[in-house]
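Report on one structure; see the data block that follows.
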Amino acid sequence: MAHSETVPAAGSNEPGWQELVGDWSADKQTFQVPWGKAMMWIFLLSDTFIFSCFLTGYMNVRISTPVEWPNPSVVFGLEVFGFNVPLLLIGIMTFVLITSSGTMALAVNFGYRRDRGRAAALMFITAAFGAIFVGMQAFEWSKLIIEEGIRPWGNPMGASQFGASFFMITGFHGLHVSAGVAYLTIVAMKVLRGDYEKKGYEIVEITGLYWHFVDLVWVFIFAFFYLW
Amino acid sequence: MSEATGQQHPLKLYFVIWGLLFALSTASYATDFLEHGYFRWFLILTFMFLKAGFIIAIFMHMKWERLALIWAILGPPAVLLVLIGLMAVEGDYTELTRRDFFSAPLAPTGHAEAH
């Protein structure tokens, strides 16, 4: 058991419950990770509760309405060469976000290898995919508002709670993606400039945690709002 | 110090998970062509939890964190199950009352005669 000078290993390093109890009862720092990472995790935990409340609210209004819920498969379908493909745009958006999560994971890896050129490049690519996602969402919103006449207080297809749930949930998620694009771009520029050569590249992983979380939320929105 | 705490894993792992996420996304998209029902809902939830699990465990490196952090982050969301359960019951109740008062043609009652 090697105890490092800077971060004393709290309690036991035995895997299992002893490690957990040791970390929490050692009268020292509980989380043996850089403070920024612990704080990002706690922020993401609070964000989990926000999105869960939105999704639970959506579940509640969808259960409670006696009016037929509009079929997302049809509402979000696109006509391509005369064929009606269900959920086409949403499917593409899902793949765009998954791709961006992959490039982000690689960026974290190259960051820890101190290959700051590649780390920054991959972060810029991730941000670009995020921007594409937001662009597609803007297209989807305009189509729904202008062509389909969906409003937060009603729509021609069915239950009037559809619009409110949709704009609220996807709007808040889109806001997270937009903020993530800005966050990624700023950190990537600082990485490229060499600002973290002394401090180390945990910041890339912390930024990555936020980005993966945005992807994670989309997994739940896709399942519960678009597929259900 | 940063080298000691940093998460360093072979690139191959990320590519494998990336591919898996793509496959799972395709599979969950494909559920949209199934009929609505328990089988479809089961598949939607299965693919959703698998995707979420891979993202959290591998991409967010939760698998390699100490238990103190894992429990602090993954434990609290469990209470959300209570909220979901309560809101599902509440939703059913609201629907019943709405059907009772809004949609069914009102049978003549003592109140109606008062007019």
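Since every read-out is calculated from the coordinates, none of them should be taken as a lab result. The model shown is predicted, which means the values in this text are computed figures rather than measured ones. Neighbour counts are summed over all protein chains in view; Cβ atoms, including those assigned to glycine, are modelled from backbone coordinates with ideal geometry.
For B:Lys63 and A:Val134, what is the calculated FRET efficiency with R₀ set at 35 Å and r taken between the beta-carbons, to the nearest 0.05?
FRET efficiency, B:Lys63 to A:Val134: 0.70.
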Query - Calculated SAXS-style log₁₀ I(q)/I(0) at q = 0.16, 0.17, 0.23 Å⁻¹ - region B:1-64, Debye, Cα scatterers - result: -0.61, -0.66, -0.94
Report summary line: Note: B:Tyr93 to B:Leu20 extended length (0.36 nm per residue) minus current alpha-carbon separation gives 22.2 nm
Report task. Only Lys, Arg, Asp and Glu count, each charged at its Cβ (+1, +1, -1, -1), so figure out the dipole size of chain A about its Cα centre, rounded to 20 debye. Result -> 520 debye
Report summary line: Surpassing 29 Å at the alpha-carbon level, of the pairs B:Lys12/B:Lys51; A:Lys37/A:Lys198; A:Lys143/B:Lys12; A:Lys199/B:Lys51; A:Lys28/B:Lys63, are A:Lys143/B:Lys12; A:Lys199/B:Lys51
Requested in this report: Calculate for chain A the 222 nm mean residue ellipticity that helices alone would give, adding -39,500 (n - 2.57) per DSSP H run of length 4 or more and normalising by residue count, nearest 500 deg cm²/dmol.
Outcome: -22500 deg cm²/dmol
Query raised in the report: How far is it, in nm, from the label point at A:Ile42 to the one at A:Ser73 when both lie 7 Å from their Cα along the line to the Cβ?
Result: 4.5 nm
Query raised in the report: If you add up the charges near A:Leu106, with Lys and Arg at +1 and Asp and Glu at -1, over every other residue whose beta carbon is less than 11 angstrom from its beta carbon, what do you get?
Result: +1
Report task. Could you compute the FRET efficiency for A:Leu175 and B:Leu80, with r as their C-beta to C-beta distance and R0 at 30 Å, rounded to 0.05? Result -> 0.90
Query raised in the report: Using a Gaussian network for chain A with springs between C-alpha atoms less than 10 Å apart, which of these wobbles most: A:Phe54, A:Phe43, A:Phe81?
Result: A:Phe81
Query - Calculated log₁₀ intensity ratio I(q)/I(0) where the Debye formula runs over C-alpha points of the protein assembly as shown, q = 0.09, 0.10, 0.15 Å⁻¹ - result: -0.57, -0.69, -1.31
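What does the charge count around A:Asn60 come to, taking other residues whose C-beta lies under 12 Å from its C-beta (Lys +1, Arg +1, Asp -1, Glu -1)?
-2
What translational D, rounded to a whole number of µm²/s, comes out for region A:158-220 from Stokes-Einstein when the hydrodynamic radius is the Kirkwood one over Cα pairs, at 20 °C and 1.002 mPa s?
158 µm²/s
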Query raised in the report: In what order do B:Leu81, B:Leu45 fall by count of nearby beta-carbon atoms within 10 Å, going from fewest to most?
Result: B:Leu81, B:Leu45
